[in-house]
Amino acid sequence: MKEHLYKNFIEKLEQVYGSFNERRKSFEKASNSKIARELCYSDSQFSRLINESASEGEYKRATRNVKRVLNEIRLQEKVKERNKDKANGNLFFGGLTAKSMSVVLILIAVILIVFTSARLIGDTSSITEQIDRDHMLQWIFENSSVSPYLNLDELPNDCSYTCYKYQGQWSLKDPYKIPVFRERNGFHYLATDVNLYTRCKTEGSEDGNMLEGYEYQKHEIWYDKRELQIDSFLVSTDKTQINESYRNLEFQEDTNYVMIAHVHTFFRNEFEINAESVSRTGKVVGRDVELVQDEQLLKSLHTTSRVNDIKNEMNRIVTNRLEDFSRPISCRNAALANQDFHSVKEEDTMSFNCQLTTANAPIKYTKTYILDDQYIETTCRPEI
């Protein structure tokens, strides 16, 4: 495992700094000291990494750091392609105050509405995009030049600022699924991926207990060819709870289920961290539904008429039932990622028990975020 992580780390570095000389432990285009500084490592830390003597966790974090550099290079190239004035490319966010940065992030959300506005199914030709749906989020939060995060030197002297270790990139720990309640049975909503960036919300909050989160969600809609009634997936004594067999069901391993659409959603969160728990509020800003190609659907549904029938049903879901998915969320508070906020670390989680109501039928589910890439790993030291 460690050997694979080391090899992957070196390969990522080679994409930025040229070929690696195994004997000399050096790269073609930059000295080890220069690379260490660019990755925010000491010379001794970087030496451990390239000499294959670091831990697995260190290699994972270091590889993510290199990915940030690669993403920044890629995104800067895209900016240059679209804007011949190169001087504006890297300095667009330079000199912004925290309040101005908040406004910029809201504008980013508006821009993403344009990219992810919900459309009726039918024309999928314009959906085949080369750019990642969340590339604007990557551009903002993975840009090493100017960061929207609160930095260590901006914390109060006593380090009493609860949100600072919660900043970073989170993902969905476990998928969850929900049967869609509507006039016709057979449709299911599967949450598969989340890319969430959180930053301390300093605007309008001086207590340091507010997090602002920008979240890209990639989910799926599946169709059950048997069109089993929704009650067959719910606990008989509590129709708001899904049963154990449905929770353990893997759609892709059951030929009765056909994936019919990808759902791309942009979501804005606010997390409030108090002494006992974390509360979450927010709502959908934009959504786009991308139907699976007809050729692929035909393999599972067998006839063109059935494919067209399912596409028509998807249109109805998009125009009606997905509106329910855009309402403000209803979740219970999550347990703290760590009782001591200074001790929050990567792989800590926030787990929310939520309720989604479609056509006035509430169904409960659990959404758990896991911290993959923490922005401030070190612990703040109060002034004496």
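By the Cα gyration tensor, the stretch 253-363 has an equivalent ellipsoid whose semi-axes, rounded to whole angstrom, run 38, 17, 12 from largest to smallest. With R₀ set to 41 Å, the beta-carbon distance separating GLU383 from ALA361 gives a calculated FRET efficiency near 0.15. Calculated FRET efficiency, ASP254 to GLU276, Cβ-Cβ distance, R0 = 56 Å: about 0.85 to the nearest 0.05. Placing LYS299, LYS25 in order of accessible area, with the largest value first and a 1.4 Å probe, yields LYS299, LYS25. A Cβ-based charge dipole, computed about the Cα centre of the stretch 1-78 with Lys and Arg at +1 and Asp and Glu at -1, lands at about 140 debye. Remark: the ASP294-SER343 segment gains 12.6 nm on full extension, using 0.36 nm per residue and subtracting the alpha carbon distance. Accessible area of HIS264 (1.4 Å probe, protein heavy atoms only, ligands and nucleic acids ignored): about 10 Å². Summarising the amide proton neighbourhood of GLY286: residues at separation of 5 or more, or on other chains, whose placed amide H is nearer than 5 Å comprise PHE266. Dipole magnitude for the stretch 149-374: computed about the Cα centre from +1 point charges on Lys and Arg Cβ and -1 point charges on Asp and Glu Cβ, it is near 980 debye. Distances longer than 18 Å among the Cα atoms of the stretch 1-78: what percent of all pairs is that? Beyond 18 Å sits 34 percent of the P(r) for the stretch 1-78. Remark on the stretch 149-374: ratio of C-alpha radius of gyration to 2.2 N^0.38 Å is 1.14.
Gain on full extension, evaluated as 0.36 nm per residue between ASN21 and ARG37 minus their Cα-Cα distance, stands at 3.8 nm. The gain in end-to-end length when the ASP153 to GLN229 segment is fully stretched comes to 21.7 nm, 0.36 nm per residue minus the alpha carbon separation. Taking amide H positions as modeled 1.01 Å from N, with prolines and chain starts lacking one, the residues under 5 Å from ILE260 and 5 or more places away or on another chain are ILE221, TRP222, TYR223. What would the Debye equation give as log₁₀ I(q)/I(0) for the stretch 200-275 at q = 0.25, 0.27 Å⁻¹, counting only Cα atoms as equal point scatterers? Debye intensities relative to I(0), on a log10 scale: -1.13, -1.20. Pairs LYS29/LYS67; LYS165/LYS201; LYS239/LYS311: which exceed 20 Å Cα-Cα? Violating the 20 Å limit, Cα to Cα: LYS239/LYS311. Largest first, the extents of the alpha carbon coordinates of the stretch 234-304 on the three principal axes equal 57, 36, 19 Å. Along its principal axes, the stretch 267-313 has C-alpha extents of 58, 20, 15 angstrom, given from the largest down. For ASN312 and TYR246, a Förster radius of 22 Å and the Cβ-Cβ distance give a FRET efficiency of 0.25, rounded to the nearest 0.05.
The values are calculated or read from the model by the stated rules, or taken from the named source; none is laboratory data. Not measured: the values here are computed from a predicted model. Every residue, glycine as well, gets a Cβ built from its backbone with ideal geometry; the counts of neighbours run over all protein chains shown. Just the protein is used for accessible areas: all its heavy atoms, side chains included, with ligands, DNA and RNA removed. Shrake-Rupley method; radii C 1.70, N 1.55, O 1.52, S 1.80 Å.
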